[in-house]
1. What order, most packed first, do the peptides 22-28, 130-136, 95-101 have when packing is the mean number of other Cβ atoms within 10 Å of each residue?
2. What are the ³J(HN,Hα) values, in whole Hz, obtained from phi via the Karplus relation 6.51 cos²θ - 1.76 cosθ + 1.60 with θ = phi - 60°, for each residue of the stretch 48-58 in sequence order, with x given for Gly and Pro?
3. Over all pairs of distinct alpha carbons, what does the Kirkwood formula give as the hydrodynamic radius of the stretch 1-95, in Å?
4. Can you give the Kirkwood hydrodynamic radius for the stretch 43-82, in Å, rounded to one decimal and based on Cα pairs?
5. Assuming R0 = 25 Å, what is the FRET efficiency of Glu153 and Glu123, from their Cβ-Cβ distance, to the nearest 0.05?
6. In what sequence, highest mean first, do 73-81, 110-118 appear when ranked by Cβ atoms within 10 angstrom?
7. Do the alpha carbons of any pairs in Lys64/Lys110; Lys77/Lys170; Lys68/Lys170; Lys100/Lys170; Lys62/Lys162 sit beyond 30 Å of each other, and which pairs?
8. Check which residues have an amide H placed less than 5 Å from Leu186's amide H, if you skip close sequence neighbours.
Amino acid sequence: MNTILLSNLYLAPIDYYISLGQSENVLIEQHDHFEKQTYRNRCRILTSNGPMDLVVPIFRPKEKCPTKDILISYREKWQQTHWRAIESAYNSSPFFEYYKEDFEPFFTQKINYLIDLNNGLMETVLQLIHLPVNYQLTDTYKKKEEVVSQGIEDLRKVFHPKQDNKTDIKSYYQVFDQKFGFQGGLSIIDLLFNLGPEALIYLKR
């Protein structure tokens, strides 16, 4: 049985969910030190002005802090900003109206920990796509030698805004594709709002 090890991400890229769907067992790291400028607290959507990053502001209780202890900052109205951007970008997509009530509570209700926000959104996406995934959070930090000895595929560094992802993303309908051409590296919500129930077929092909 193959097992993969992933980082905990905010509305993760489509590649991430392809990996989830292809694996029998999934471990999600929650004890790694939080890194800036990663998908841990940001996602990328496609707007009328092109790709846009949405960043969740965070607060570290201490300098070196594991992902599981990262707090969300509410000094700025990031929830309102994110939801307005998502609504503006996908309001004309085929399935936004169908799914928006499932996502809107995450942008109106206060959630203290980043990992709870990320996990809640991931579980919502998996349920809507009908993608069964056997996943669990790590009990301790998974060191490289432990990962190798257990035959686990380490994908913690694969999905990153500054790196080309390894998965070959195939094109699908996007709201602004006539304006910008097909855009890869986008959040799973881009696929869900544009393809709806067919998102599962896309992820499995």
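Quick note: the coordinates plus some simple rules give every number you see, no bench work behind them. Predicted model, so just to flag it, every value in this text is computed and none were measured. All Cβ positions, glycine included, derive from the backbone under ideal geometry; neighbour counts span all protein chains shown.
1. 22-28, 95-101, 130-136
2. Result, ordered by residue: 5, 9, x, x, 9, 8, 10, 10, 8, x, 10 Hz.
3. Details: mean 1/r = 0.0660 Å⁻¹.
Value: 15.2 Å, from the Cα pair sum.
4. 11.9
5. Computed FRET efficiency for Glu153 and Glu123 comes out at 0.65.
6. On the way: 73-81: 12.4, 110-118: 17.6.
With the highest mean Cβ count within 10 Å placed first, the list reads 110-118, 73-81.
7. Values: Lys64/Lys110 24 Å; Lys77/Lys170 35 Å; Lys68/Lys170 33 Å; Lys100/Lys170 25 Å; Lys62/Lys162 26 Å.
In this structure, Lys77/Lys170; Lys68/Lys170 exceed 30 Å between Cα atoms.
8. Under 5 Å from the amide H of Leu186 lie the amide H atoms of Ile14, each far enough along the sequence or on another chain.
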